[in-house]
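Below: one structure, written as structure tokens.
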Amino acid sequence: MLESFNAWAETLRFACEVQNVVSLRLLRMAQGGPQAAAEAELMIAEKIAAFADVEAAIAQALSAGEGFMVAAERGYAPLRQCVGANSSRLARAMA
């Protein structure tokens, strides 16, 4: 039961952090100027890199004989890291 609650809590935490990153990025882009263009380019480049990392982590886990849930957790790790880094970076930039 506690494991289910922890998974739910982590899902909620991640969803809130993602929403925060989206909001900060939109705010930064709405300000215009060279920072807005740089943020848009960075956003696209990061998404491509993050999903490539996710695909590699999942493929590696599955090829090692890990189960589906382990592969999903390994695939989630690069996204969690990328979102966390963006959240910190954008919060510092907007302060």
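Out of all the residues in the stretch 44-55, is one or more among the aliphatic types (A, V, I, L, M) and surrounded by 13 or more Cβ atoms within 10 Å (Cβ to Cβ)?
Checked against the condition, which is being among the aliphatic types (A, V, I, L, M) and surrounded by 13 or more Cβ atoms within 10 Å (Cβ to Cβ), the stretch 44-55 yields at least one hit.
Show the residue pairs that are 6+ apart or on different chains and have beta-carbon atoms under 7 Å apart, the first residue being within the stretch 20-37 and in a helix (DSSP H, G or I), the second being among the basic types (Lys, Arg).
Pairs found: Gln35/Arg28; Ala36/Arg28.
Which condition number in (1) surrounded by 12 or more Cβ atoms within 10 Å (Cβ to Cβ); (2) within 21 Å of Asn6 (Cβ to Cβ); (3) more than 12 Å from the chain's Cα centre (by Cα) is the one that Phe68 fails?
(1)
Could we say that Arg80 is part of a helix (DSSP H, G or I), modelled with pLDDT of 90 or more and within 18 Å of Phe14 (Cα to Cα) here?
When the stated conditions are applied, Arg80 passes them.
Residue check: is Arg74 under 19 Å from the mean Cα position of the chain (by Cα), surrounded by 14 or more Cβ atoms within 10 Å (Cβ to Cβ) and touching a residue at least 40 places away in the same chain (Cβ under 8 Å)? Working first, answer last.
Numbers: under 19 Å from the mean Cα position of the chain (by Cα): yes; surrounded by 14 or more Cβ atoms within 10 Å (Cβ to Cβ): yes; touching a residue at least 40 places away in the same chain (Cβ under 8 Å): no.
For Arg74, the condition - under 19 Å from the mean Cα position of the chain (by Cα), surrounded by 14 or more Cβ atoms within 10 Å (Cβ to Cβ) and touching a residue at least 40 places away in the same chain (Cβ under 8 Å) - is not met.
What are the pairs with Cβ atoms under 7 angstrom where one residue, in the stretch 83-94, is within 10 Å of Arg28 (Cβ to Cβ) and the other, located anywhere, is surrounded by 11 or more Cβ atoms within 10 Å (Cβ to Cβ) and among the aliphatic types (A, V, I, L, M)? Sequence gap at least six, or different chains.
Matching pairs, first to second residue: Leu90/Val21; Leu90/Leu24; Met94/Leu24; Met94/Leu27.
Taking the stated definitions as given, is Ala49 in contact with a Cys (Cβ under 9 Å, 6 or more places away or on another chain), hydrophobic (A, V, I, L, M, F, W, C) and either part of a helix (DSSP H, G or I) or at pLDDT 95 or above (or both)?
So Ala49 passes the test.
What is the number of the single condition among (1) among the aliphatic types (A, V, I, L, M); (2) loosely packed, with under 11 Cβ neighbours inside 10 Å; (3) at pLDDT 95 or above that Ala61 does not meet?
Result: Ala61 fails condition (2) only.
Which residue pairs have Cβ atoms closer than 9 Å, lie 6 or more positions apart in sequence or on different chains, and pair a first residue in the stretch 1-14 that is part of a helix (DSSP H, G or I) with a second residue that is of a type outside the set (Ser, Thr, Tyr)?
Glu10/Arg80; Phe14/Leu79; Phe14/Arg80; Phe14/Val83
Given the options Arg28, Arg13, name the one that is surrounded by 14 or more Cβ atoms within 10 Å (Cβ to Cβ) and of a type in the set (Lys, Arg).
Of the residues listed, the single one that is surrounded by 14 or more Cβ atoms within 10 Å (Cβ to Cβ) and of a type in the set (Lys, Arg) is Arg28.
The values are calculated or read from the model by the stated rules, or taken from the named source; none is laboratory data. Since the structure is predicted, the reported quantities are computational estimates derived from the model, not experimental observations. Glycine gets a Cβ as well: all are built from the backbone with ideal geometry, and neighbour counts include every protein chain shown.
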